[in-house]
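The values are calculated or read from the model by the stated rules, or taken from the named source; none is laboratory data. Everything numeric in this text was worked out from a predicted model, so none of it was measured. Every residue, glycine as well, gets a Cβ built from its backbone with ideal geometry; the counts of neighbours run over all protein chains shown. Only protein heavy atoms, including side chains, enter the accessible area calculation; ligands, DNA and RNA are left aside. Shrake-Rupley method; radii C 1.70, N 1.55, O 1.52, S 1.80 Å.
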Amino acid sequence: MLTQVVPRTLFNNLLVAVLFGFLVPYFKGIEYLDLFLLIPYSMLSLFFVIPMVVDAVFAQPGRGVPLGALFRSVGIGWSTGVGVLWLGIATVSWRTGRLVAPPVAVGLSLAVMSLFACIFVAALAAWTANRAPGASTAKGRLRIAFLLILVAFFALPRFLHEDTMARLLQYLTPDGIVQATLVLAPIEALAAVVLILRSRKPVKAA
């Protein structure tokens, strides 16, 4: 059940909170507020959403998409991830001895982008769980995909042409991140609806 506390999951979540909410921001200092770091940080919520959705799907007889559990997972995962992000900002403020925070527009954009990403990934997790033989297999596939995206995010700039990088860097500004959010949020919402509808009829794994 979603409300069941699994010690291993609790330990992993606590480890993520300490590592990314305190240690990394403490050593990064003011560099933590760079959008190149804040964007992947805002996606930490996905780390919490995925296992809850997969467990909820496998706890349901015949599987399918338990919408109530799915949206509870989104709410819990999103709020936890945002909490870790702002814990990092509080850590940097404490270290520097003054209040430091991203502009309001940036903070709101990151929160909205993270929320819609959580909705999409929750739908993707349900779709994957309905096509996997077991919960551990589904979680493994999603973790691998998540890690590959993170690696690509940090490694891709080294392989892109300077002009391409210049065009992409325009989105690492307050105005750029707002524009990116306005484009990506509805796309993620539409993709989530499609995945949920396709997950209504589970496909039995071989």
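Calculate, in nm to one decimal, what Ala101 and Thr137 gain on full extension: separation in residues at 0.36 nm each, minus their alpha carbon distance.
9.1 nm
Over the heavy atoms of Thr96, what accessible area does a 1.4 Å probe trace out, to the nearest 10 Å²?
60 Å²
Could you work out how far apart the two model spin labels at Trp94 and Leu37 are, taking each label as a point 7 Å from the Cα in the direction of the beta carbon, and quote it in nm?
Result: 1.6 nm between the two label points.
For Ser79 and Arg198, FRET efficiency with R0 = 35 Å and r from the beta-carbon atoms, rounded to 0.05?
Efficiency, rounded to the nearest 0.05: 0.80.
Among residues other than Val106 whose Cβ falls under 14 Å from its Cβ, what is the net charge (Lys/Arg +1, Asp/Glu -1)?
Summing Lys/Arg as +1 and Asp/Glu as -1 gives -2.
Order 138-151, 77-90, 111-124 from most to least packed using the mean count of other Cβ atoms within 10 Å.
111-124, 77-90, 138-151
What are the trypsin sites (Lys or Arg not before Pro) within segment 38-121 that DSSP puts in a loop, where the Cβ has at most 11 other Cβ atoms within 10 Å?
Arg98
Testing the spin-label approximation: label points 7 Å from Cα along Cα→Cβ at Asp175 and Leu67. State their distance in nm.
4.1 nm
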